[in-house]
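Read through the structure below, which is laid out as structure tokens, and then see the notes.
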Amino acid sequence: MNRLCDSMEPRVMDDDMLKLAVGEQGPQEEAGQLAKQEGILFKDVLSLQLDFRNILRIDNLWQFENLRKLQLDNNIIEKIEGLENLTHLVWLDLSFNNIETIEGLDTLVNLEDLSLFNNRISKIDSLDALVKLQVLSLGNNQIDNMMNIIYLRRFKCLRTLSLSGNPISEAEDYKIFICAHLPDLVYLDFRRIDDHTKELAEAKHQYSIDELKHQENLMQVRLEDEQARQEELEKHKTAFVEHLNGSFLFDSMYAEDSEGNKLSYLPGVSELLEAYKDKFVIICVNIFEYGLKQQEKRKIELDTFSECVHEAIQENQEQGKRKIAQFKEKHLSSLSAIREESELPNIEKKILECSADISELFNELMMLEMQLVEQLEETINMFERNIVDMVGLFIENVQSLMAQCRDLENHHHEKLLEISISTLEKIVVGDLDEDLPDDLRALFVNKDTIVNAVGASHDIHLLKIDNREGELVTRINSWCTRLVDKIHKDEIMRNRKRVKEINQYVDHMQSELDNLEYGNILD
Amino acid sequence: MEVLREKVEEEEEAEREEAAERAEWGRTEKMMRPVEVRKEETTLTQEMLRDLEKKLSEIQIPISAELPAFTKDTIDISKLPVSYKTNTPEEEHLLQVADNFSRQYSHLCPDRVPLFLHPLNECEVPKFVSTTLRPTLMPYPELYNWDSCAQFVSDFLTMVPLPDPLKPTIKREEKVLLKKYTIRPPRDLCSRFEQEQEVKKQQEIRAQEKKQLREEEERLMEAEKAKPDALHGLRVHSWVLVLSGKREVPENFFIDAFTGHSYSTQDERFLGIESLWNHKNYWINMQDCWNCCKDLIFDLGDPVRWEYMLLGTDKSQLSLTEEDDSGINDEDDVENLGKEDEDKSFDMPHSWVEQIEISPEAFETRCPNGKKVIQYKRAKLEKWAPYLNSNGLVSRLTTYEDLECTNILEIKEWYQNREDMLELKHINKTTDLKTDYFKHGHPQALRVHSYKSMQPETDHVIEFYETARVDGLIKREETARTMTEYYQGRPDFLSYRHANFGPRVKKLTLSSAESNPRPIVKITERFFRNPAKPAEEDVAERVFLVAEERIQLRYHCRDDHITASKREFLRHTEVDSKGNKIIMTPDMCISFEVEPMEHTKKLLYQYEAMMHLKREEKLSRHQVWESELEVLEILKLREEEEAAHTLTISIYDTKRNEKSKEYREAMERVMHEEHLRQVETQLDYLAPFLAQLPPGEKLTRWQAVRLKDECLSDFKQRLINKANLIQARFEKETQELQKKQQWYQENQVTLTPEDEDLYLSYCSQAMFRIRILEQRLNRHKELAPLKYLALEEKLYKDPRLGELQKIFA
């Protein structure tokens, strides 16, 4: 650690240093001259070497977007930082520095080879993002806990590992332990792991490994379950009917309804509630299933549409390509004819013919394009009409189902009110048999209170239903609008691109011809 | 069991086929019913398989009887077995029955042609047709199914026209009988006939037939128009009828023996059937053949439709199987037939012909002399047995422009077992274009090679088995000025390379074509789309204009675009006004980009691209040059192969494979020697002692003991002698060595180095000999008692000294 460079003054990674390095490591000889003449952009650099430069802090590297290989070894870096932008990095060398913790590597998802040899690291972590990691060098550090090895199990591509020179490598079964816990490893500390060792290791640590595997499997299964659920929900969301395949909506109606909950303790109400819930849930499930069906229909509609549009565009492109190929053939022959022609008037005549050909091509191509635009517009409009109709129908049906929900609620409300009032009367008369919870009894002060309470509960329920309905309608409408907008926009983009392409091509042809003219005149 | 069953089936099949042969007869006799065009005559060949010949010869005999001048019967009758020359009583009986049958028949059907019942065989003995058939199972799987079997028979037969196509065979009949001849069931039959002359007209007829077979209807029409057959309906022919039912034969069909082709029974060219026979019975067709054979019902059990000669043997119809054991006769059935015959229960006698034997050589040779020529209309087909021609030629088809077969249109030659895997050679005489086709396995992976001359730098088209080549080359076309190559499945996606050559520059020191390749003017290379690269970086075509120092690139077109990028590099290096080399200027690279990109505008990028292309150009030129070399090499190799035309011999071909033959012989020799040695070791120790005693007498106990003792003492003496001999030699060597050593010590001072060397080498050799002798002596001492004991043991057990054992017992 007491390195020679420690005594020297740290240097800053500034523009000059980087430019110098890029220049030195860039193209040589003739290409180098050209490079010098033009200058090299940092973002074109693929590999950079900054070793033995006494760098203390990594900085100014954000421009090297496309860097694949970065060497920062033999410096005095203390912290891994400033590498966030180098997402294409494949090879990172930070050996012989003074790094204490692994950090700042979370964006380097393409990293395959990481060297942190001879640093001051004591714990292996923060490498989760490096899913492609193949080579990891952590020798000459201060890792002292064997459990760090288990962390490395998550790197499925890891084949080469070096950990020699760490406190753990002193341990008796260091090698066996690693071989057992990292069965895919091929090289450990720069040596190939022979099969015998592998077998030995497997036998020795079989128990703990099995347990580890079991846990990992459990975890995996849980993760997959979670994912599957998420996907399912996602699917329902695209159909705009999530959480309608159960009592979720009903439960949510009562979640914030304290009065309603209290009232449910009234005699006879719980049965009423039970029946109400059953009916309600049935309607919800109806909505849900209808929604999924509609979603399927919309998807088919959209797929058919995209396929047709794609076919039309393909066909059009083929025509365009054919036209261009024909033109090219003719053009080439007339160009060579012009070159061979010696008399000026003839040349001019031919050149004129040529440019006539070019504009003819332009017209033809543009006509094709216009034709396509018209056709597509018609199709898109048709699709738009259909999809809007479908959405409208869907909304209408959902609304009618929701209205049924409201009816149920109203019905329930009336019944509840009835029971409440009769209970109130009983209380007033004083011949109520059952005991009521105190907070419920508190509601039965007078008629207004109880009616208000029941009414509040009813309002909350209606509000929930309205909200759910409103959400659904808004979302599907906005989806529809966005879809149609996107289709229109895509088509416009496509059209612009094609027109630009045609213009560019024709311009190029024309300028080629002009150049020829110019050249001929020079001759 | 399996084999047996097969045999039975085989025979049944044979029967069916035989039955068919009878059918042929019928046709001829129906004069009103036009007979098949086919008329074929056979002459016997000499050295063919006798059996076949015999069988065939029977048929012929009628001819010879009537027209003795016609048949050249070269069979040596004297070697034939007795059954060929005489008739057994049963056969005589059968002939009588047949005569009787024939008489009744001609009485009942006076307007029909007499029956073909018992022609003379090659020994001029009348034999009933059914007895000429002998179902036989041959050891060749190829003969197991009718098609390949029929093909074999047809190869074997040679058609010789009759002197009079209408005047056929039957011996004693005066009625106009058309000529006919029967062919044996293909399975057991191979016959060979020497081809004699062929009358042109018959060639024509045959050619027509063949063409019909090939369904060349038009030509047929034309030919028929040209020559309407005057004898239509009058000719007689024999063919094979296969009845359905056995061995998965779904329906009845005919086999024509001369072509080996099968025909439906509905075929219009079969005009009628007179009679049928197999090796068990003989049937006459009683049905009207006005509509050719279309309405015939082949239910041989139906006595109204098919009049049988021997009753009982075939009571059933299609299922010939059940007839196996003739034995049972129904009296009722007999009525129509055997009026006064006593032959009700008469069985067909056993066939008089010998079993056919086809040697593997003969089988492979197929045709007589291994060669067969078939003349078709405007075409000639020649066939040879494999290995007959030293260049592997097995068949040749020559097509002619005219009917006289003088102007050759094209020749196709098929080869087999060629080491260079040549399969077919096609020569088009009009264009002079030759095309060679190869099977998999040519050292250069050749598939097709077409050329006009073997000279390099002329027109050649060479196709390859691209999977067998590392570079994926499919095809290479060469002309005097261009070379085009097509590729497939290369990792660099190259699909096409075209090189244009300029006129060759004359070199003063030109020695050969290789050292002075044609200058390359232009190389065009095309590539398939590489899906790993974006389209605008994936080159579709690059053109190296070598002479103009230009390189043109055309890129692939992106999926959603209609135009493709291109780029052109002018690569002549120039020097600017100050004399500095210009590395790269913007006008050295003209590019059109569909979607302009920033980095491609850079000179550095362009420079690097150009450098890369320059390297590529060098490589491509080298490739072209190598291709040229390869063409030369291929042409050379082809010429050598053509000159050598070596044939491959399968390692299973024990007859031809010299190596395996040698090996086998060596093995046999070793076995033989081993055997001799064994015989030696089994020398009889007792023989000399037994010889002293009177022979043939049983030994007494006393004699046995004495014999044993003598033998043992003799053996002991010999062991001692041997030991003494070794000892003596050992001592002699030792003495000599000592003497020599003495001599050496005395003369040591005066010896020359050569002498000393000599002495030393002598010493070492002597020591070696002494050591060996010592070892042998020791070994002998060790083994002698054992050998002695072994002999004693052996003597005890010797049966001749049985008395000894009694003593000990």
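The values are calculated or read from the model by the stated rules, or taken from the named source; none is laboratory data. Since the model is a prediction, treat every value here as computed from it, not as a measurement. Positions of Cβ are generated from backbone atoms using ideal geometry, with glycine treated the same way; all protein chains shown enter the neighbour counts. Just so you know, the surface numbers come from the protein's heavy atoms only, side chains and all, with ligands and any DNA or RNA stripped out. Shrake-Rupley method; radii C 1.70, N 1.55, O 1.52, S 1.80 Å.
So with the 1.4 Å probe, I'd like the accessible area per residue for region A:11-142, rounded to whole Å².
Per residue, region A:11-142 has an accessible area of 46 Å².
Averaged over peptide B:598-609, how many Cβ atoms belonging to another chain are found within 10 Å of each residue's Cβ?
4
What do you get for GluC sites (Glu not before Pro) in region A:91-184 restricted to DSSP loop and a cutoff of at most 10 other Cβ within 10 Å of the site's Cβ?
A:E172
Can you sort B:K787, B:K79, B:K211 by solvent-accessible area, 1.4 Å probe, largest first?
Details: B:K787 85, B:K79 145, B:K211 10 Å².
I get B:K79, B:K787, B:K211, largest accessible area first.
Using a 1.4 Å probe on the heavy atoms of the protein chains only, list every residue of region A:489-510 that has 30 Å² or more less accessible area in the complete assembly than in its chain alone.
The answer is A:K497, A:R498, A:E501, A:Q504, A:Y505, A:H508.
So how exposed is A:R441, as accessible area in Å² (1.4 Å probe, rounded to 10)?
Surface open to solvent at A:R441 totals about 100 Å².
Using just the C-alpha positions of region A:318-467 as equal point scatterers, what log10 of I(q)/I(0) does the Debye formula give at each q in 0.08, 0.11 1/Å?
So the normalised log intensities work out to -0.56, -0.72.
Let me have the 222 nm mean residue ellipticity of chain A computed from DSSP H runs of 4+ only, each contributing -39500 (n - 2.57), with the sum over all residues rounded to the nearest 500.
After summing the helix terms and dividing by the residues of chain A, the value is -22500 deg cm²/dmol.
On a full-extension model of 0.36 nm per residue, what is the gain between B:E268 and B:K614, subtracting their alpha-carbon distance, rounded to one decimal in nm? Don't skip to the end; give the middle numbers.
Numbers: separation 346, 0.36 × 346 = 124.56 nm, distance 7.39 nm.
Extra length from B:E268 to B:K614 when fully extended: 117.2 nm.
Kirkwood hydrodynamic radius, computed over distinct alpha-carbon pairs, for region A:247-518: how many Å, to one decimal?
25.2 Å
Taking the full set of protein chains and a 1.4 angstrom probe, give the accessible area of A:V428 in square angstrom, rounded to the nearest 10.
My reading of the accessible area for A:V428 is about 110 Å².
Probe radius 1.4 Å, ligands and nucleic acids left out: which of B:R518, B:R481, A:R120 has the largest accessible area, and how do the rest follow?
Of B:R518, B:R481, A:R120, the descending order of accessible area is B:R481, A:R120, B:R518.
Using a 1.4 Å probe, what is the accessible area per residue for region B:684-804, in Å²? If you can, show how the numbers build up before the last one.
Working: 8570 Å² over 121 residues.
Solvent-accessible surface per residue comes out at 71 Å².
Over the Cα atoms of chain A, compute the convex hull volume and normalise it per residue, giving Å³.
302 Å³
Ignoring everything but the protein chains, give the 1.4 Å probe accessible area of B:T646 in square angstrom, nearest 10.
70 Å²
Long-range amide H contacts for B:L433: which residues qualify at under 5 Å (H placed 1.01 Å from N, peptide plane, sequence gap of 5 or more or a different chain)?
B:N428
Relative to the longest principal Cα axis of chain A, at what angle does helix A:29-38 sit, 0 to 90 degrees, rounded to 10?
Orientation of helix A:29-38: about 60 degrees from the principal axis.
For a distance above 14 Å, tell me the whole-number percent of Cα pairs in region B:433-508 that qualify.
65 percent
With solvent modelled as a 1.4 Å probe, how much accessible area in total do chains A and B shield from it at their shared surface, in Å² to the nearest 100?
Working: alone 30480 and 42200 Å², together 70420 Å².
Approximately 2300 Å², summed over both chains.
From the square roots a ≥ b ≥ c of the eigenvalues of the alpha-carbon gyration tensor of region B:363-462, which class results: rounded (a/c under 1.5), prolate (a/b over b/c), or oblate?
oblate
Report the Stokes-Einstein translational diffusion coefficient (µm² s⁻¹, integer) for region A:139-281, Rh taken as the Kirkwood radius over Cα pairs, at 20 °C with viscosity 1.002 mPa s.
On the way: Rh = 20.3 Å.
Reported coefficient: 105 µm²/s.
Give me the angle, in degrees from 0 to 90, between the Cα long axis of helix A:195-204 and the longest principal axis of the Cα atoms of chain A, rounded to the nearest 10.
With rounding to tens, the tilt is 20 degrees.
From the phi angles alone, apply the Karplus equation (6.51, -1.76, 1.60; θ = phi - 60°) to region B:630-635 and give each ³J(HN,Hα) in whole Hz, x where the residue is Gly or Pro.
5, 4, 4, 5, 4, 5
Please compute the modelled spin-label separation between A:D435 and B:T585, points set 7 Å along Cα→Cβ, answer in nm with one decimal.
About 10.8 nm, to one decimal.
Determine, from the Cβ-Cβ distance of B:S395 and B:E124 and an R0 of 45 Å, the FRET efficiency 1/(1 + (r/R0)^6), rounded to the nearest 0.05.
Efficiency, from the Cβ-Cβ distance: 0.70.
If you wrap region B:684-804's Cα atoms in a convex hull and average its projection over all directions, what's the area in nm²? If you can, show how the numbers build up before the last one.
Details: hull surface 38.7 nm².
Computed as one quarter of the Cα hull surface, the answer is 9.7 nm².
State, to one decimal in nm, how far the label point of B:L676 lies from the label point of B:T435, with both points 7 Å from Cα in the Cβ direction.
Once both label points are built, they end up 6.1 nm from each other.
Full extension from A:Q326 to A:K36: what is 0.36 nm times the residue separation minus their Cα-Cα distance, to one decimal in nm?
Details: separation 290, 0.36 × 290 = 104.40 nm, distance 4.37 nm.
Result for the pair: 100.0 nm of gain on full extension.
What's the FRET efficiency of A:D514 with A:V109 using the Cβ-Cβ distance as r and R₀ = 41 Å, to the nearest 0.05?
That gives a FRET efficiency of 0.25.
Can you give me the convex hull volume of the Cα atoms of region B:592-699, divided per residue and expressed in Å³?
366 Å³
Compute the accessible area per residue over region A:247-518, keeping the other protein chains in place, probe 1.4 Å, unit Å².
Working: 15330 Å² over 272 residues.
Averaged over the residues of region A:247-518, the accessible area is 56 Å².
Return the distance in nm (one decimal) between the two label points of a simple spin-label model at B:Q741 and B:A666, each offset 7 Å from Cα along Cα→Cβ.
According to this spin-label approximation, the distance is 4.7 nm.
Quick one: length gained pulling A:Q314 to A:A442 fully straight, 0.36 nm per residue minus the C-alpha distance? Each step should come with its number before you reach the end.
Numbers: separation 128, 0.36 × 128 = 46.08 nm, distance 7.52 nm.
Extra length from A:Q314 to A:A442 when fully extended: 38.6 nm.
Around B:A540, which amide H atoms from residues at least 5 apart in sequence, or from another chain, sit under 5 Å from its own amide H, with H modelled in the peptide plane?
B:R554, B:Y555, B:H556
Could you give me D for region A:11-142, from Stokes-Einstein at 37 °C and 0.692 mPa s, where the hydrodynamic radius is the Kirkwood radius over C-alpha pairs? Units µm² s⁻¹, please.
Estimated via Stokes-Einstein, D reaches 217 µm²/s.
Taking 25 Å as R0, compute the FRET efficiency from the Cβ-Cβ separation of A:E211 and A:K156 and round it to 0.05. Before the final figure, lay out each step's value.
Values: r = 20 Å, r/R0 = 0.79.
Rounded to the nearest 0.05, the efficiency is 0.80.
Expressed as a whole percentage, what fraction of the accessible surface of region A:93-225 belongs to carbon and sulfur atoms when a 1.4 Å probe is rolled over the protein heavy atoms?
Carbon-and-sulfur percentage of accessible area, whole number: 51.
As a test of reading the structure, rank A:H331, A:H243 by solvent-accessible area (1.4 Å probe, protein chains only), most first. Before the final figure, lay out each step's value.
On the way: A:H331 10, A:H243 75 Å².
Result, largest first: A:H243, A:H331.
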